[in-house]
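All of the numbers you see were taken from the coordinates with simple rules; none came from a lab. As the structure is a prediction and not an experimental result, all values here were calculated from the model.
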Amino acid sequence: MKIKIDSPVNKKSKLGTPPHADEPKITNLNKHPSCKLVPMNFYVPIDFKREYKIYAAEKDMNMVDVLKISFALYKRYNN
């Protein structure tokens with residue numbers, strides 16, 4: 001008794017089409033400009049946030065500027 005086995009069917013690749021030669025091959029190595037703002041998510045107690053925001057407003061500063069200055073001072077005195 002002979003068993004007929006069909007030849008394997010070439011399946012389409014799951015990888016998709018390769019990039020064209022003029023496209024950059026690696027795109028995740030580009031650095032963002034240092035002036036671009038990105039989110040920095042962390043949680044603080046609500047009373048701290050309120051006090052921080054009031055302090056920034058009293059000094060006519062935004063909260064990011066207060067954070068930058070306080071971090072610079074922290075680094076200077078704790079290195």
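Is it possible to state the helix-based mean residue ellipticity at 222 nm for the chain, with each DSSP H run of 4+ residues giving -39500 (n - 2.57), the sum divided by total residues, to the nearest 500 deg cm²/dmol? What is it?
Rounded to the nearest 500, the figure is -11500 deg cm²/dmol.
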Taking Cα atoms, the helix 46-58 axis meets the longest principal axis of the chain at an angle in degrees (rounded to 10) of 60
Between helix 63-77 and the chain: long-axis angle, C-alpha atoms, 0 to 90°, nearest 10
80
Normalised per residue, the volume inside the convex hull of the alpha-carbon atoms of the chain in Å³ amounts to 315
Would you mind telling me which residue in LEU29, LEU67, LEU15 has the biggest mean-square fluctuation in a Gaussian network model of the chain, where springs connect alpha carbons within a distance under 10 angstrom?
LEU15
